[in-house]
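Throughout, read-outs are computed from the coordinates displayed, never taken from laboratory work. Since the structure is predicted, the reported quantities are computational estimates derived from the model, not experimental observations. Cβ sites come from the backbone with ideal geometry, for glycine too, and all protein chains shown count toward neighbours.
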Amino acid sequence: MDGFHYYNLFETKGMEYILTIIFFLTLIPFWILLNRKVKRARQHGSGKISDNELSMPRGVYHSPNHSWMYLLKSGKARIGLSDLLLKITGNIEVRPLIEEGQTIAKGDPMIEISQGEKKIVISSPLTGHVLNLGYETSAEMLADPYGKGWLAEIEPSAWIAETSKYYLADDARRWASFEIVRFRDFLVNSLAKYEPQLQPVALQDGGELKEHIMQELPAEVWNDFQAEFLPQPNQL
């Protein structure tokens, strides 16, 4: 037929089409794998300490020593450790310094958190009668610091007076942002004294703090953290 030309697909562009199909068949599994990794990274955080990734429930009071508390409907006060403190320390063991049935005063030693020989004592943010003790390992605290990860329940004797200067809602988030900056400054100064070679490890690109950084630092930095970063009992 005049004016009609027959082209064999595989003699012209066929090989290019086949290679294109092979490329996309190879690309799709790679894209799925990459998407899973990105999703998993979002679920587990960025590995950096930032105020955008902190869990800060609006109805929870925060003490300057990074303990938190809120009042249950029963009138009991539940106490735990802030998400920021847990992101700083990482996996810890918890040893209660109080017992069920005793009365504790605000500022009294409440728990000791540790990693081996490295230890920090956290004082009670409230006065009251100790009713129940919570978890002794950090698994629940790291996963759900303001839920299942509570440390103690007490019957408070001066709830309004003792929480009046603590941080709540937007004030708590602003305070946490300031604490991140303060901790970064503390870390730079403390490492300069003991382990200056660890400063690049502690501070990632852009000066951002590495999550769970205290796990990698010596006992001297933990001692400084207790003495210089956490407020003294009479300052709560």
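The order of TRP150, TRP159, TRP68, going from fewest to most other C-beta atoms within 10 Å of their C-beta, is TRP159, TRP150, TRP68. Legend: distances between Cα atoms for LYS73/LYS119; LYS106/LYS193; LYS76/LYS165; LYS165/LYS193; pairs beyond 30 Å are LYS73/LYS119; LYS106/LYS193; LYS165/LYS193. Per-residue extension of 0.36 nm, minus the Cα-Cα distance of GLU93 and GLU220, leaves a gain of 43.9 nm for this segment. Taking GluC sites (Glu not before Pro) across the stretch 93-133, the ones in a DSSP loop with at most 14 further Cβ atoms lying within 10 angstrom of their Cβ are GLU99, GLU100, GLU117.
Among TYR166, TYR70, the ranking by other beta carbons within 10 Å of each residue's beta carbon, starting with the fewest, stands as TYR70, TYR166.
Summing Lys and Arg as +1 and Asp and Glu as -1 over all other residues whose Cβ lies under 9 Å from the Cβ of TRP68 gives a net charge of 0. Within a straight-line Cα-Cα reach of under 16 Å, LYS87 can be paired with the following aspartates and glutamates, leaving aside sequence neighbours fewer than 8 residues apart in one chain: ASP51, GLU53, GLU140, ASP144, GLU179, GLU208, GLU211, GLU216.
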